[in-house]
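This report concerns only the one structure given below.
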Amino acid sequence: MNTVTTIAELRAAIALARRAGKRIGFAPTMGNLHSGHAALVTHARALSDFVVASIFVNPLQFGPSEDLDTYPRTLDADQQRLVEAGCDLLFAPSVAQMYPEGTAVQTRVSVPELSQGLCGASRPGHFEGVATVVSKLLNMVQPDVAIFGQKDYQQLAVIRAMVRDLNMPIEIVGQPTVRAEDGLALSSRNGYLDAAQRAKAPVLYRSLSEMAEAIAQGDRDYAGLLERQRKIISASGFTLDYLEIRHAVHLRPATALDHDLVILVAAYLGTTRLIDNLHLDLHAAV
């Protein structure tokens, strides 16, 4: 695997692959890689001939009170994991390389509606930062296919809309969430949890699973389901940000007539914010 840090080096390496007739796959990350990130690369390898990954902790998507400065940066270990997963090229730019004029004057990309509510309500400006950096990375790499994790469900919806609306000729593929044995969705932020918090963390997935099972069995009292599980999550020691049942594509509140659903949750354990979701296709469940 080759590692490059400049846009010029990135484009030169990809041009060589293109001239060799290779299909380009792309897996963007913020580093501190775990098995979920490795799955992105493995999936990209299955769908392409030349796999590019990026590691960039993007300041535009962090709020002023969030963990930008303390976000774990583990480049050496990340490089080894990428090699093992089958990555061909790593792009690991600096902030100056990505935002040479500074972030204050950086052109921003905004995706309306889908960016509102849920994590968008709790993290103002977050999805504008995500859409901006992903737009830049996609333009730099110009892949045929790009893989994003479904754990960040709203982010995936925002990226899909951006790519569609801006007519980018790129296939966006969602990678199913990778989980620990107890169901906790893998996340770089799980490392912030102490032992007691880590033991409680699977409550989120259990709540999502119980709701999905009830809905699959015909329960359409969404307000009642949400109220019961919100109480369970709060009683388990979480500070709940949101728990919602939404239409899986538009992310509007679900109705009893909808068949393509997603249940989404965000909650704090101490100062650590965890998110998770479960997609539920009621047509498939019949």
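Laboratory data are not the source of any read-out in this text; all were calculated from the coordinates shown. Here the structure is a predicted model, which is why all the values come from computation and not from measurement. So basically every Cβ, Gly included, is an ideal-geometry build from the backbone, and we count neighbours across all protein chains shown.
See the values below:
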item	result
Charge dipole (debye, nearest 20) of segment 2-175; +1 at Cβ of Lys and Arg, -1 at Cβ of Asp and Glu	440
Sites T255 and D194, calculated FRET efficiency, Cβ-Cβ separation with R0 35 Å, nearest 0.05	0.30
Mean Cβ count within 10 Å, highest first, over the residues of peptides 76-86, 18-28, 262-272	262-272, 18-28, 76-86
Crossing angle, helix 35-47 versus the chain [Cα axis fit, 0-90 degrees, rounded to tens]	60
Global geometry of segment 90-158, whether rounded, prolate or oblate, following the gyration tensor of its Cα atoms and the 1.5 cut on a/c	oblate
Cβ-defined net charge surrounding T239, 13 Å radius [Lys, Arg +1; Asp, Glu -1]	+2
Length gained when the stretch T239-M1 is fully extended (0.36 nm per residue, less Cα-Cα span)	81.5 nm
3J(HN,Hα) from dihedral phi, segment 107-117, Karplus parametrisation 6.51/-1.76/1.60, rounded to Hz, x for glycine, proline	4, 10, 10, 10, 10, x, 6, 4, 7, 8, x
Most to least packed among 165-171, 276-282, 222-228 [average Cβ atoms within 10 Å]	276-282, 222-228, 165-171
Ordering of 64-74, 45-55 by burial proxy (mean other Cβ atoms within 10 Å per residue, highest first)	45-55, 64-74
Folded to 0 to 90 degrees: helix 126-141 orientation relative to the chain principal axis, Cα	30
Interchain or long-range residues, amide H under 5 Å from K151's placed H	T177
Rounded, prolate or oblate (a/c below 1.5 giving rounded, otherwise prolate when a/b exceeds b/c) for segment 1-57 by Cα gyration tensor	oblate
Sites A180 and T107 - FRET efficiency at Förster radius 35 Å, r taken between beta-carbons, to 0.05	0.35
Total lysine pairs whose alpha carbons fall under 28 Å of each other in the chain (8 or more apart, or interchain)	5
Folded to 0 to 90 degrees: helix 75-85 orientation relative to the chain principal axis, Cα	80
CD proxy at 222 nm, helix term only [per DSSP H run n ≥ 4: -39500 (n - 2.57); per residue of the chain; nearest 500]	-11500 deg cm²/dmol
Matching label, percent of Cα pairs over 32 Å apart computed from the structure shown, candidates (1) 36; (2) 26; (3) 30	(2)
³J(HN,Hα) computed for each position of segment 196-201 - Karplus, 6.51 cos²θ - 1.76 cosθ + 1.60, integer Hz, glycine/proline x	5, 5, 4, 5, 7, 3
